[in-house]
Every structure is written in C-alpha cells, then in structure tokens.
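The next block holds one structure in the form of structure tokens; read it before the comments.
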Amino acid sequence: MKTNSEMIIDSLRSGHPLRSPDITEKVSEAAGKEIKIQDVASILAKLSNSDKCDLGYLITKKKTDRGYVYSLVKEAFSLTPEQTYDLTRKTGKDRFTLDEAIKKLPGLKKHVKPLRSSLASRRIGRSIVKSSGYSAKGGDVSDDAFRDIVASFLKEIAFQGGLNVNVNLTVNFKGLG
C-alpha cells in the first residue's frame, strides 16, 4: 500500500500540470477511499518546499487565476518512481539522494538553486550551535566554546564557497548635548 505522499507523486508523474482538487481526486481514486483536500494540500506544501524536502526542487508551483498548479520538471520523469519517492526522505539506508539524482541526470542541476547567502549563514550558524551542543538560549558560552563555534562556522563558510557579508552599524551617544 502506497502512502498519500507517494500517490501524490504518482499523480504528478502523469506529466500534466494539476491543481490540488485534481490531485485529490486522483489520490482518492488510487487509494480507493475519500481523501480530504486539506490533507493533500498539506502534503503538497511539504513536497513542493525545497527547505523541507529535496523533491521540492523538482516540483514547480505556479499561481494561476484558479489557484496553484503543480507539476514535475520534465527532467524528473527520467527518475524511477522509487527514486522520486526517496527524494522526499531525509534519512534511510540506501536511499536515493538529490546528489545522486544530479549525477545521474545533470540536467536537474539547473533546478537546484543555491541558498541565499544570508539564509544559508543563519542555517549554518544554527546547525553549528545545535551540533556542537551549545545552548543558544540562556546561559553563557565559555571562550573556548565560542572559539569552537566560530571555527566551525568559518569551516562551513569555506566549504560552502564563501560568504557575502553586509554590515549595518548604528551608534547612539548618550549624555551628549
């Protein structure tokens, strides 16, 4: 038995741009039972969001006068259904990854947009703090711990290929005047 996500992906693999009601109808048909449109819309929101799911890079979402229309990029049709399903998973032994998909089909790379540098740096910073076990809320961080965080951050920046930094400085003087 396929999951709702897999049935939604199957409907997108039909090759036709589809709206949520169309996808809901196809998924209900495939499941042999009534599926609620809000359930499909919720899953579609996750699947089409590249921050939450690698398949999101390969799903186009276009706004029309009748709502959003979803479709898979044409290059994604060369993937097997199982490979496409794997792109929705973050973990799993022997799962097919986005990197493997790009190696197999280099044409997919044009759909995988790099993160905006400011967003990337915020994510990188948060992940370093989380992975290093330092508390971001409350409590002081020792000098050594802070040095480790900064060093990890700089390594990650180098790994990502650099970082553009814009600085705004505001200075307030008290007691003058």
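The values are calculated or read from the model by the stated rules, or taken from the named source; none is laboratory data. As the structure is a prediction and not an experimental result, all values here were calculated from the model. Counting neighbours? That spans all protein chains shown, and the Cβs are built from the backbone with ideal geometry, glycine included. Side chains included, ligands, DNA and RNA excluded: accessible areas come from the protein's heavy atoms. Shrake-Rupley method; radii C 1.70, N 1.55, O 1.52, S 1.80 Å.
Of all the residues that make up segment 59-83, how many are of a type outside the set (K, R) and either in a strand (DSSP E or B) or touching a Ser or Thr at 6+ places or on another chain (Cβ under 8 Å) (or both)?
The total comes to 11.
If you scan segment 2-43, which residues turn out to be part of a loop (DSSP other than H, G, I, E, B) and β-branched (V, I, T)?
Of everything in segment 2-43, those that are part of a loop (DSSP other than H, G, I, E, B) and β-branched (V, I, T) turn out to be T3, I35.
Considering only residues that are in contact with a helix residue (DSSP H, G or I) (Cβ under 8 Å, 6 or more places away or on another chain) and not β-branched (V, I, T), which ones fall in segment 17-45?
Passing the criteria: L18, S20, P21, D22, K26, A30, A31, E34, K36, D39, A41, L44.
Using beta carbons and a limit of 9 Å, which pairs, at least six apart or on different chains, have the first residue in segment 164-175 and under 22 Å from F153 (Cα atoms) and the second one at pLDDT 80 or above?
none
Residues of segment 71-108 being open to solvent by less than 50 Å² (accessible area, probe 1.4 Å), among the hydroxyl-bearing types (S, T, Y) and over 18 Å from K2 (Cβ atoms), which ones?
Passing the criteria: S71, T97.
Any residue at all in segment 12-25 that is under 19 Å from D86 (Cβ atoms), of a type in the set (A, V, I, L, M) and within 17 Å of the chain's Cα centre (by Cα)?
Among the residues of segment 12-25, not one is under 19 Å from D86 (Cβ atoms), of a type in the set (A, V, I, L, M) and within 17 Å of the chain's Cα centre (by Cα), which makes the answer no.
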